[in-house]
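Derivation of every value follows stated rules applied to the coordinates shown; laboratory data play no part. As the structure is a computational prediction, the values presented were derived from the model and not from experiment. For neighbour counting, all protein chains shown are included, and Cβ atoms are generated from backbone atoms with ideal geometry for every residue, glycine included.
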Amino acid sequence: MTTFDARPQAAIGSRPPGWLASILMDGRAGECDAVFPFPHLSALEPACVSTARRFVDQTLTTWGVPELASDAQLVVSELVTNAMRHGGGVVQLRLLSHGPELACVVADHSRTVPVAAAPDVFSEFGRGLRLVDALCAAWGWLSPVGTRKLVWAVLAG
């Protein structure tokens, strides 16, 4: 018998690792830093997800860590989909590498806190942030000055 935790869980804005926090809050570039901006007109189209997955694959291959691509693509797919559905559109995807850690950061137009929905066996949707939580060492969100929200997830290499 399968049981589920039926309580919704909001990301409590857990702090990103120190190296990532300093980059995101100071607005500076990281050592291995790749940014993909989404054009405004396509920021709500489902093709954004496949574009983001290709960007992850190409970037991680260039960085010499293609073994992280599969998990990173799944995490990015979920974060980009959530930005499209709940965040008013995806603004940009940013990948940052620091030692064995890879951060995936998605910016959207909303300041609404991401919520890991209560699982429902019969629902088509609502499992994305739980997948992110299962695959990542940590994840959370930041709302720096301005109107954007940054949802970040760190994969341990």
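Would you work out which of Leu96, Val49, Ala83 lies farthest towards the positive end of the dipole of segment 43-99, given +1 charges on the beta-carbon of Lys and Arg and -1 on that of Asp and Glu, about the Cα centre? Final value for the positive-end residue is Ala83.
Coupling constants for segment 68-77 follow from the phi torsions by the Karplus curve (6.51 cos²θ - 1.76 cosθ + 1.60, θ = phi - 60°), and in residue order they are 8, 4, 4, 5, 5, 5, 5, 4, 5, 4 Hz; glycine and proline get x.
Close amide H pairs (under 5 Å, H built 1.01 Å from N) link Cys32 with Ser97, residues at least 5 positions away or on another chain. By the beta-carbon count within 10 Å of each Cβ, the least crowded to most crowded order of Ser50, Ser77, fewest first, is Ser50, Ser77.
The amide H of Phe38, built 1.01 Å from its N in the peptide plane, has Gln92, Leu93 as neighbours under 5 Å, considering only residues 5 or more places off or on other chains.
Peptides 78-85, 92-99, ordered by how many other C-beta atoms sit within 10 Å of their residues on average, highest first, read 78-85, 92-99. Normalised Debye scattering of segment 42-82 at q = 0.31, 0.35 Å⁻¹ gives log10 I(q)/I(0) of -0.99, -1.14, counting only Cα atoms as equal scatterers and leaving out solvent. Computed from phi, the 3J(HN,Hα) profile of segment 22-38 under the Karplus parametrisation 6.51, -1.76, 1.60 (θ = phi - 60°) reads 5, 5, 5, 7, 8, x, 9, 7, x, 4, 10, 9, 10, 10, 10, x, 8 Hz, with x in place of Gly and Pro. When both segment 46-117 and segment 130-157 are represented by their alpha-carbon centers, they are found 9 Å apart. The length gained by stretching the chain between Glu45 and Ser70 to full extension, at 0.36 nm per residue less their Cα-Cα distance, is 6.8 nm.
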